[in-house]
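Chemist: Handing you a structure now.
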Amino acid sequence: MKLVLYPHGGSGNHGCEAIVRSTYKITQADVTLFSASPEEDKKVGLDAICNVQLDHCPISRFSLQYLKAVFQAKVYGDQTAYDRTHFSPVLKAAKTADYMLSIGGDNYCYGVPAFIYLVNKEIRKKGGKTILWGCSVEPDSIKEEMLEDLRGYTHIIARESITYQAMINKGLKQTVLIPDPAFQLNRIDLPLPENFIEGNTVGINVSPMIIGHESNQGVTLQNYMELINYIINQTDMPVALIPHVVWSHNDDRTPLNILYDRFKDTGRICMIEDHTAEELKGFIARCRFMIAARTHASIAAYSEKIPTLVIGYSVKAKGIAQDLFGTYEKYVLPVQALKKKDDMTVAFKWLQNNESNIKQQLDTIIPNIKEQVSNINHIFNK
């Protein structure tokens, strides 16, 4: 089976990397990955499991391709001619692929994904079968333009029940509820750094993304500082700061370095450097608790049965937690809800007090979640 994966921003986001690795693991297919940053993917070794290609064709203003696109636009009013040429590598691959998997997960959560609409439309013109893979979509954002695109998917794989129900309510009967493929991501355990105690460390992940959604400027980092103060002064646990996205324009290490500099003299904190998704999961798996801003940092923790508090801002965090625990209350703290400097600490104390019950629930449900993900191949036979 030949699968083409698109659109992929690059493995500087290790959640994107985790989806690719897990998809390959589950399907064992002949995979071509179209990426905006192939160098990032090769750096983490994705070229060992799939054919990594640049997702667009650089076009010179003096090239025949560019002049042809300009001619089509001006003479025939074809305003998509340039974009079709730009994304021609993906469109050509549709001719020989069994399925085209749109793998962004939350690409439909951040405004109008016009380039996805365009690529999907052209793929379908060529008879290609498109699948929306492991998605989350804000229910209120499913308007007519998005619906038109969503109706064209052969299958829509919703990774959590809030998105699933929203799709069904909109008449998208090709929707299937299957957990995020990254629940099946392998882990690699590297040596632990100084100040990391296996089984008794609090992993902390924070991202510029959630800070951008805070309701009061500065309240997010203030909450993280108050939480780390509590952990260091009131418990025997050290803290491991764990980045999961390291893009220059969206780098978890930027806020994490602020926290590290604030507490480095305590001797109770360490900074995990950039690693592959599997290696990062290895560090997360050896924590006692996890505080996660990034979705796939939380999935890495959940899948290893680590009690986790998600500092979320969207439907994906709520939906995933709801499917695991029956509710997202107490398990997801929306960043928009942070008002007082100790809101996060209060939420973490609840996690501590309910540690055994949470672990018991994860022990019960995670094997079933992983089995559901492993059995996803049946959709390719429909």
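Chemist: Applying 1/(1 + (r/R0)^6) with R0 = 41 Å to the Cβ-Cβ distance of Glu138 and Asp265, what FRET efficiency is obtained, to the nearest 0.05?
Modeler: For Glu138 and Asp265, the calculated efficiency is 0.45.
Chemist: Of the cross-linked pairs Lys264/Lys318; Lys42/Lys125; Lys95/Lys129; Lys42/Lys121, which ones have a Cα-Cα span greater than 22 Å in the structure shown?
Modeler: Numbers: Lys264/Lys318 33 Å; Lys42/Lys125 32 Å; Lys95/Lys129 10 Å; Lys42/Lys121 29 Å.
Where the Cα-Cα span goes over 22 Å, the pairs concerned are Lys264/Lys318; Lys42/Lys125; Lys42/Lys121.
Chemist: Check cross-link reach from Lys43 to the aspartates and glutamates: straight Cα distance under 14 Å, and skip same-chain residues fewer than eight apart.
Modeler: Glu17, Asp274, Glu278, Glu279
Chemist: Return the distance in nm (one decimal) between the two label points of a simple spin-label model at Glu39 and Lys340, each offset 7 Å from Cα along Cα→Cβ.
Modeler: Calculated label separation equals 4.9 nm.
Chemist: Decide, for the range 174-220, between rounded, prolate and oblate: order the square roots of the alpha carbon gyration tensor eigenvalues as a ≥ b ≥ c, take rounded if a/c falls under 1.5, and otherwise choose prolate if a/b is larger than b/c, else oblate.
Modeler: Judged from the Cα gyration tensor, the range 174-220 comes out oblate (a/c at least 1.5, b/c at or above a/b).
Chemist: Once you order the gyration tensor axes a ≥ b ≥ c over the Cα atoms, which shape class does the range 247-309 get: rounded for a/c under 1.5, otherwise prolate or oblate by comparing a/b with b/c?
Modeler: Oblate is the answer for the range 247-309, as a/c is 1.5 or above yet b/c matches or exceeds a/b.
Chemist: Relative to the longest principal axis of the C-alpha atoms of the chain, give the angle of the C-alpha long axis of helix 114-125, reported between 0 and 90° and rounded to the nearest 10°.
Modeler: That works out to roughly 50 degrees.
Chemist: Counting Lys +1, Arg +1, Asp -1, Glu -1, what net charge surrounds Asp98 among other residues with beta carbon under 11 Å of its beta carbon? Don't jump to the answer; show the numbers that get you there.
Modeler: Values: positive: Lys2, Lys129; negative: Asp30.
Residues close to Asp98 contribute a combined charge of +1.
Chemist: Can you list, bin by bin at 5 Å, the percent of alpha carbon pairs in the range 18-61, starting at 0?
Modeler: For the range 18-61, the binned pair fractions read 5, 22, 32, 20, 10, 5, 4, 1, 0 percent.
Chemist: How do the peptides 22-31, 128-137, 219-228, 93-102 rank, highest first, by the average count of neighbouring beta carbon atoms within 10 Å per residue?
Modeler: Highest-to-lowest ranking by the protection proxy: 128-137, 219-228, 93-102, 22-31.
Chemist: Subtracting the Cα-Cα distance from 0.36 nm times the residue separation, let me have the gained length for Asp47 to Met1 in nm, one decimal.
Modeler: 14.8 nm
Chemist: For the chain, would you read off the P(r) tail past 39 Å as a percentage of all alpha carbon pairs?
Modeler: Value for the chain (Cα pairs over 39 Å): 19 percent.
Chemist: Right, something else. If you bin every alpha carbon distance in the range 160-253 into 10 Å steps from zero, what whole percent lands in each bin?
Modeler: 12, 26, 31, 22, 8, 1
Chemist: Cross-link candidates for Lys339: which aspartates and glutamates have Cα within less than 15 Å, leaving aside residues fewer than 8 places away along the same chain?
Modeler: The reachable aspartates and glutamates, counting only those whose Cα sits under 15 Å from Lys339, are Glu214, Glu226.
Chemist: Determine the principal axes of the Cα atoms in the range 206-281, then give the extent along each, sorted from largest to smallest and rounded to whole angstroms.
Modeler: Taking the Cα atoms of the range 206-281, the three principal extents are 34, 34, 19 Å.
Chemist: Here's a follow-up. With a probe of 1.4 Å, find how much accessible area the chain has per residue, and write the answer as a whole number in Å².
Modeler: Computed with neighbouring chains in place, this is 42 Å² per residue.
The values are calculated or read from the model by the stated rules, or taken from the named source; none is laboratory data. Please read these numbers as outputs of a predicted model, since none were measured by experiment. Here Cβ is always computed from backbone atoms with ideal geometry, including for glycine, and neighbour counts include all displayed protein chains. In case anyone asks, the SASA skips ligands and DNA or RNA and just uses the protein heavy atoms, side chains included. Shrake-Rupley method; radii C 1.70, N 1.55, O 1.52, S 1.80 Å.
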